[in-house]
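> Got a structure for you, written out below as structure tokens; questions coming shortly.
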Amino acid sequence: MRKIVLMMSVSLDGYFEGPDHDISWHLVDEELHQHMNDLTRRMGGDLCGRVTFELMDGYWPTADTAPDVTPVEAEFAQLWRDLPKYVFSRTLEHVDDPNATIVREVVPEEIRKLKEQPGGDLVVGGAVLATEFLRHGLVDELRIYVHPVLVGRGRRLFPSADTLTSLDLVETHTFRNGVVLLRYEVAAGGGTHP
């Protein structure tokens, strides 16, 4: 069965975005971008909220036509276009992406059916959606990319909760730009606990 992987970038002090939705501090160089391309190539689908989808969809579908596009960016643009996307939104009525499906609610039984389908792992992104998936015990793995910066304030990836989720560290990797990947699996029997 394929996994659901929460994949997000955060500052060292735990923010995924700074004030006014600022993510300019994300250090995505060619090495890290190629790493993301390699992961995306193996993905079976992207589970994202409306805001994340609109951010990505506003740039990547045509990014490979820009005059200053790098080869790694052009590759990601093609990967993004071809990737199945499940956009969780109560307000979105239509998307132009033929590989995108609008999903109204996080229904655990439906997500489990999606996991049982053949294909690569499913990546969940966006803090609000990730929190909902965690609350329902739907996340199997976390890939947290810690950027070497203190943002000070903004939106935290993991909001306060009355639950405990036990994790097993399965991989670390330090990129040349100082970003550190922390990859955890949800511990056996260690789902979310009150």
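The values are calculated or read from the model by the stated rules, or taken from the named source; none is laboratory data. Every value quoted in this text rests on a predicted model; they were computed, and no experiment measured them. When we count neighbours, we look across all protein chains shown, and the Cβ atoms used for this are built from the backbone with ideal geometry, even at glycine. Accessible surface areas use protein heavy atoms only, side chains included; no ligands, DNA or RNA. Shrake-Rupley method; radii C 1.70, N 1.55, O 1.52, S 1.80 Å.
> Count the net charge of all other residues whose Cβ sits under 14 Å from the Cβ of LYS85, scoring Lys and Arg as +1 and Asp and Glu as -1. Walk me through the numbers on the way to the answer.
Details: positive: ARG50, ARG81; negative: ASP46, GLU54, ASP57, ASP82, ASP96, ASP97.
So the surrounding residues net to -4.
> Using a 1.4 Å probe on the protein heavy atoms only, what accessible surface does PHE53 show? Give it in Å² to the nearest 10.
10 Å²
> Next question, about the same structure. Volume per residue, Å³, of the convex hull around the alpha-carbon atoms of the range 131-194?
In the range 131-194, the Cα convex hull volume per residue is 88 Å³.
> Ignoring ligands, DNA and RNA, what percent of the 1.4 Å accessible area of the range 1-159 is carbon and sulfur? Working shown, then result.
Values: 4530 of 8300 Å².
The C+S portion of the solvent-accessible surface of the range 1-159 is 55 percent.
> Any chance you could look up the accessible area of SER166 with a 1.4 Å probe, heavy atoms only, rounded to 10 Å²?
Probe radius 1.4 Å; accessible area of SER166 about 50 Å².
> Still on this structure: What Rg and what Dmax come out for the range 65-194 when only alpha-carbon atoms are used, in angstroms?
17.2, 52
> What is the list of residues in the range 60-78 whose amide nitrogen lies under 17 Å from a point 7 angstrom out from the Cα of ARG176, following Cα to Cβ?
Residues 70-73 fall inside that zone.
> Quick check: from the Cα gyration tensor, does the range 9-102 come out rounded (a/c under 1.5), prolate or oblate? It would help to have the intermediate numbers written out before the result.
Details: a/c = 1.59, a/b = 1.08, b/c = 1.48.
Oblate, because a/c is 1.5 or more while a/b does not exceed b/c.
> Next question. At a threshold of 8 angstrom on Cα-Cα distance, excluding pairs fewer than six apart, so keeping six or more, what relative contact order does the range 1-77 reach in percent? Working shown, then result.
Values: 27 pairs, mean separation 18.0, N = 77.
Reported as a whole number, the value is 23 percent.
> Also, quick follow-up: Which length gain, in nm to one decimal place, applies between LEU55 and VAL107 when the Cα-Cα distance is subtracted from 0.36 nm times their residue separation? If you can, show how the numbers build up before the last one.
Values: separation 52, 0.36 × 52 = 18.72 nm, distance 2.42 nm.
Stretched fully, the LEU55-VAL107 segment lengthens by 16.3 nm.
> Using 0.36 nm per residue of separation minus the Cα-Cα distance, give me the extension gain between THR131 and ASP13 in nm, one decimal.
Working: separation 118, 0.36 × 118 = 42.48 nm, distance 1.80 nm.
Gain on extension, THR131 to ASP13, equals 40.7 nm.
> With only Lys, Arg, Asp and Glu charged, each at its Cβ (+1 for the first two, -1 for the last two), find how big the charge dipole of the range 128-171 is about the Cα centre; round to the nearest 20 debye. Mind showing how you got there, number by number?
Details: 5 positive and 6 negative charges, 76 e Å.
The dipole magnitude comes to about 360 debye.
> In the range 1-156, if the dipole is taken from +1 on Lys/Arg beta carbons and -1 on Asp/Glu beta carbons about the Cα centre, which of LEU55, SER24, ILE144 is farthest to the positive end?
Final value for the positive-end residue is ILE144.
> A further question on this structure: Net charge near ASP121: determine it from the other residues with C-beta under 11 Å of the C-beta of ASP121, scoring Lys and Arg +1 and Asp and Glu -1.
Numbers: positive: ARG2, LYS3, ARG42, LYS115, ARG143; negative: ASP46, ASP140, GLU141.
Here the charged neighbours net out to +2.
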